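Before any comments, here is the structure.
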Amino acid sequence: MFSGIRFIPDDTKLPFMRYSRYGFFLSGVLCVVAILIFFTHGLNYGIDFKGGTLIEVRTPPGVTITDLRERISGLNLGETELQEFGAPNDVLIRVENQAGGEAQQSEAVSRVTAALGKDVEIRRVEVVGPKVSAELTQGGTIAVVLAIIMVLIYIWFRFEWQFAVGAVASLLHDVIITIGVLSILRIEFNLNIIAAILTIIGYSLNDTVVIYDRIREYLRKFKKKPFVELIDEALNSTLARTVITGTSTLIALVSLYVFGGEVIRGFTFTMIFGVLIGTYSSLFVAAPVMILLGSVREASPQGEKSRP
């Protein structure tokens with residue numbers, strides 16, 4: 001009888017905690033490097049956060065990006081940036097925020113479209129003022145910080161404080177390294193990326209909670225087993241679920257990255273990296289942190305049944 005395909009055997013005995021010190025070292029180095037990259041290179045903020053004008057155009061055959069640059073070079077609109085966007089004849093034009101408010105921004109759009117000529121198709125125009133961009137920056141930062149604080153509170157109430165510290169350490173690890181990668185690759189940081197980071201937090205938390213629930217179950221089931229061995233067994237017992245969930249998610253994300261178009265490519269790339277780093281941190285950061293904080297056996301009532 002067909003019994004299904006197993007990517008991971010049910011009886012794995014991988015010594016995760018034996019290599020946790022190397023995981024801590026690697027994570028520490030990556031976090032420090034990511035922070036240094038962020039402070040030295042910064043992020044490639046998009047129109048959402050810098051303010052300005054974004055114009056997406058489609059050029060006819062024979063018109064190159066160099067031709068477009070020559071057409072708008074004499075407009076004196078400050079910093080302008082042109083880049084190919086998806087297909088070779090699709091171009092994104094970014095114009096810096098103009099002094100004088102929305103009226104000046106609208107005038108800049110009119111001057112650019114006039115300079116481009118009627119043979120160039122204007123497909124999309126986005127104008128974001130400095131006040132709106134400042135509000136979006138503040139709102140995005142608050143959203144990420146509140147998400148991490150709520151995770152801390154949720155895990156603390158559902159499990160114990162050691163679990164909560166491990167979960168937050170894992171999430172901070174994921175966010176810091178992801179931002180470092182975005183900085184070094186100069187991927188445009190916009191509201192889509194904020195949404196991706198929040199989604200990564202949710203994914204990583206879900207993976208961590210599954211592992212924590214198994215650790216709590218084993219704490220009550222194996223009362224005399226050494227804590228390190230208990231965590232290893234919990235990680236091995238959830239390994240198949242972790243791998244299958246991550247693999248199925250990656251298949252969908254890679255498909256979106258390849259076929260979804262340029263508009264969501266930054267989002268999907270961030271999600272792909274986030275799933276990989278989130279899976280790693282659930283195994284080599286969230287659980288090992290609990291060992292550093294000490295056993296939670298005394299904090300877990302032995303007579304209490306495992307909560308759902």
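The values are calculated or read from the model by the stated rules, or taken from the named source; none is laboratory data. Every value quoted in this text rests on a predicted model; they were computed, and no experiment measured them. Note that each Cβ is placed from the backbone with ideal geometry, even for glycine, and that neighbours are counted across all protein chains shown.
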Check: Quick one: how many residues across the range 52-86 are more than 20 Å from Thr137 (Cα to Cα), among the small types (Gly, Ala, Ser) and modelled with pLDDT of 75 or more?
Finding: 3
Check: (1) free of Cβ contacts under 8 Å to residues at least 24 places away in the same chain; (2) assigned to a helix (DSSP H, G or I); (3) more than 30 Å from Glu126 (Cα to Cα): which one isn't true of Lys225, the others all being true?
Finding: (2)
Item checked: Residue under evaluation Ile184, criteria (1) crowded, with 19+ Cβ neighbours inside 10 Å; (2) more than 20 Å from Leu292 (Cα to Cα); (3) touching a helix residue (DSSP H, G or I) at 6+ places or on another chain (Cβ under 7 Å), criterion not met -> (1)
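Kindly check whether there is at least one residue in the range 280-292 that is loosely packed, with under 13 Cβ neighbours inside 10 Å, modelled with pLDDT under 85 and either in a helix (DSSP H, G or I) or in the same structural domain as Leu172 (by TED's automatic domain parsing) (or both). Working first, answer last.
Step one: of the range 280-292, the residues loosely packed, with under 13 Cβ neighbours inside 10 Å are 292.
Checking the rest, the ones that are also modelled with pLDDT under 85 come to 292.
From the residues that got through so far, the ones that are either in a helix (DSSP H, G or I) or in the same structural domain as Leu172 (by TED's automatic domain parsing) (or both) too are 292.
Yes, because at least one residue in the range 280-292 is loosely packed, with under 13 Cβ neighbours inside 10 Å, modelled with pLDDT under 85 and either in a helix (DSSP H, G or I) or in the same structural domain as Leu172 (by TED's automatic domain parsing) (or both).
Against the definition (surrounded by fewer than 18 Cβ atoms within 10 Å (Cβ to Cβ) and either at pLDDT below 80 or not assigned by TED's automatic domain parsing to the domain that holds Glu262 (or both)), how does Gly139 come out, yes or no? Step through it out loud before you land on a result.
Working: surrounded by fewer than 18 Cβ atoms within 10 Å (Cβ to Cβ): yes; either at pLDDT below 80 or not assigned by TED's automatic domain parsing to the domain that holds Glu262 (or both): yes.
So Gly139 fits the description; yes.
Report whether or not Asp11 is within 30 Å of Val181 (Cα to Cα), at pLDDT below 80 and either among the acidic types (Asp, Glu) or touching a Gly at 6+ places or on another chain (Cβ under 8 Å) (or both).
Answer is no for this residue.
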Note to self: Within the range 29-51, take every residue that is out of contact with any strand residue (DSSP E or B) (no Cβ under 8 Å at 6 or more places or on another chain) and either loosely packed, with under 12 Cβ neighbours inside 10 Å or part of a loop (DSSP other than H, G, I, E, B) (or both) and give me the one that is modelled with the lowest pLDDT.
What the structure shows: Gly42
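Conditions tested, residue by residue: (1) of a type outside the set (A, V, I, L, M); (2) assigned to a loop (DSSP other than H, G, I, E, B); (3) modelled with pLDDT of 90 or more; (4) not assigned by TED's automatic domain parsing to the domain that holds Arg58.
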residue: Thr242; (1), (2), (3), (4): yes, no, no, yes
residue: Thr245; (1), (2), (3), (4): yes, no, no, yes
residue: Ile251; (1), (2), (3), (4): no, no, yes, yes
residue: Ser255; (1), (2), (3), (4): yes, no, yes, yes
residue: Thr270; (1), (2), (3), (4): yes, no, yes, yes
residue: Val275; (1), (2), (3), (4): no, no, yes, yes
residue: Lys305; (1), (2), (3), (4): yes, yes, no, yes
residue: Pro308; (1), (2), (3), (4): yes, yes, no, yes
Check: Of all residues in the range 40-76, which are touching a Ser or Thr at 6+ places or on another chain (Cβ under 9 Å) and over 20 Å from Arg124 (Cα atoms)?
Finding: Thr40, His41, Gly42, Leu43, Asn44, Ser73
